[in-house]
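Participant: Pasting a structure below so you can have a look.
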Amino acid sequence: MRIARLAGPTDFEGWRKTARALRLAGVTPGEVVWAAGGEGELFADGDPAPAADAPAFTAPRAFVDLAQEVICHRDPERFNLLYRLLWRLQDQPALIQDITDPDVARAREMAKPVARASHKMKAFVRFRLLPGVEPETYAAWFEPMHHVVEKTAPFFVRRFAGMRFSILTPEACAHWDGDTLRFTPGVSRDAAPADDLLEDFWRTYYASIFNPARLKVKAMQAEMPKKYWRNLPEARLIPDLIASAAGRTAAMVAQAPTEPSRHAAKATKPVRDVVLEGTPPSLEALVAGVDGCRRCPLWKDATQGVPGEGSATARLMFVGEQPGDQEDLAGRPFVGPAGQVFDKALAEAGVPREQTYVTNAVKHFKHELRGKKRLHKTPVQSEISACRWWVDHERRLIRPRVIVALGATAALSVFGKATPIAANRGRAIQLPDQAQGVVTYHPSFLLRVPDAEAKEQGFKALVEDLALAWKLAA
Ligand code: URA
């Protein structure tokens, strides 16, 4: 029996090096015990010598991607599971595509909660100002469900590049000084700061975005599980907000229809002096530049430009048509009624939205006023062409393996020519930039189909196409 020691619970490079040496030495999975975080030599009993007939081998990219997620899971069995998969891949190179294989299925099952834990960390870390510390520094306490601190910290660096901060957790801490990201061992809760002014800010912000008419307590608790509440300043508002939701909704219904005051929207709209002209050097720069876009006149009547969002390394990218009323107000794609259909279809197809990138062919909301209502208007060719500059740069920076065009406008943007949906859906279409394309129905189209049976058929087709795209992207 060999003991293989790793530097820490997420030491992927250590695992990779060790697994390679073990595989070359012909050491079977049953002969290795993996230990994370141990001191001393990598191999407690000496480096394994490569066997004379050691096979040359490489691991497929899909395995490496999956392994990087799985290694962040808490299950101590993960190292051995990965080694077993690596071992078996040499004889079965397509093994990783076989989702019915118990090892592959287990690894995929482990990757999901890791992605969820990382998503929760992005959503629920709340920084607090450290009193009396110069230069100004923020700290946050967080208890992740899996070992996701190293994996998720770069997100905060991108988001808060100019802010010095520490994210403290029981197992690992991340520190950003504006220049270097460092990791240190975990600390106890007492090391984290308590209340400060930012908490009031969060509470005011949360109360202002809480919409009583859209309250779904179960969905809310699933998205924001109670275990995170004690570290969220806004959480103490939740019971009252829930209790008053029904009354507030009744009052809202009784009121005249509201349309965001165009004057107020314009007044709060940030003035952009800088319009992004050159090639965006990064996805962050691109996202930050969308609101300043003046490539066509649509910006004039929109509240803001709505950039894409999601994983910067997504293998799967979705392109919708344009932001709707709610997306225009929220500044995020697919959060309104079409977004709900989209989320439902993603869930049925088994596609984790946070591992994908979701954007639109046109970044500003095109609409006309009918009374107080803002009614969606389909963008015309010149607007789609003008906005294609953004979509092309998103494609260049993210380099997804698969791009799904949701509806005809997106298809025109992605394929550069009219691509009828019914005739082209359900298959991969090669794109010039190495990616594969898939076209499918737009979720809003399904909302408008009057016939219940046709609606159900359309939804089924959408789910099938999303599942196909996810499989192609694996
Ligand atoms: N429809 C779209 O095409 N995109 C959105 O973001 C919302 C609705």
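The values are calculated or read from the model by the stated rules, or taken from the named source; none is laboratory data. Small disclaimer: the values here were computed from a predicted structure and weren't measured. Positions of Cβ are backbone-derived with ideal geometry, glycine not excepted, and every protein chain shown enters the neighbour counts. Calculation scope for accessible area: heavy atoms of the full protein, side chains included, ligands and nucleic acids excluded. Shrake-Rupley method; radii C 1.70, N 1.55, O 1.52, S 1.80 Å.
Participant: Just to confirm, what accessible area per residue do you get for the range 125-191 at 1.4 Å probe, in whole Å²? Write down the numbers at each step before the final one.
Facilitator: Working: 3330 Å² over 67 residues.
It amounts to 50 Å² per residue over the range 125-191.
Participant: Quote the FRET efficiency, to the nearest 0.05, computed for ASP91 versus ARG61 with a Förster distance R0 of 25 Å and r equal to the Cβ-Cβ distance.
Facilitator: Taking R0 as 25 Å, the efficiency between ASP91 and ARG61 is 0.85.
Participant: Between ARG182 and THR279, what is the label-to-label distance in nm when each label sits 7 Å out along the Cα-to-Cβ direction?
Facilitator: Modelled inter-label distance: 3.5 nm.
Participant: Summarise the accessible area of the range 265-473 (1.4 Å probe, protein heavy atoms) by the percent that is carbon and sulfur.
Facilitator: Numbers: 5200 of 9590 Å².
Of the solvent-accessible surface of the range 265-473, carbon and sulfur hold 54 percent.
Participant: Would you please put 113-124, 298-309 in order of how densely packed they are, using the mean number of other Cβ atoms within 10 angstrom per residue and starting with the highest?
Facilitator: Numbers: 113-124: 19.2, 298-309: 21.2.
Result, highest mean first: 298-309, 113-124.
Participant: Name the shape class, rounded, prolate or oblate, that the alpha-carbon gyration tensor gives for the range 125-191, where a ≥ b ≥ c are the square roots of its eigenvalues, rounded holds for a/c under 1.5, and otherwise prolate holds if a/b is larger than b/c and oblate otherwise.
Facilitator: Taking the square roots of the gyration eigenvalues as a ≥ b ≥ c, the range 125-191 is oblate.
Participant: Oh, and also: In whole percent, and with a 1.4 Å probe on the protein chains, what portion of the accessible area of the range 125-191 is carbon and sulfur?
Facilitator: 54
Participant: Okay, moving on. So for each of 280-293, 366-379, 62-75 I average, over its residues, the number of other beta carbons within 10 Å; can you give me the resulting order with the highest mean first?
Facilitator: Top to bottom by mean Cβ count within 10 Å: 62-75, 280-293, 366-379.
Participant: Relative contact order for the range 125-191 using alpha-carbon pairs under 8 Å, separation at least 6, rounded to a whole percent?
Facilitator: 26
Participant: What is the ratio of the Cα radius of gyration of the range 269-396 to 2.2 N^0.38 Å, with N the residue count, to two decimals?
Facilitator: Dividing the Cα radius of gyration by 2.2 N^0.38 Å gives 1.04.
Participant: Counting heavy atoms of the protein chains only and a 1.4 Å probe, report the per residue accessible area for the range 344-414 as a whole number of Å².
Facilitator: Accessible surface, normalised per residue, equals 40 Å².
Participant: Sticking with this one: Quickly rank 313-325, 429-441 as a protection proxy: mean count of other C-beta atoms within 10 Å, highest first. Could the numbers behind the result be given before it?
Facilitator: Details: 313-325: 24.8, 429-441: 18.0.
Ranked by mean Cβ neighbours within 10 Å, highest first: 313-325, 429-441.
Participant: Mind checking which lysines have their Cα closer than 26 Å to the Cα of LYS363? Skip sequence neighbours fewer than 8 apart in that chain.
Facilitator: Counting by Cα, and skipping residues close in sequence, LYS363 has these lysines nearby: LYS122, LYS266, LYS269, LYS300, LYS344, LYS372, LYS373, LYS377, LYS417.
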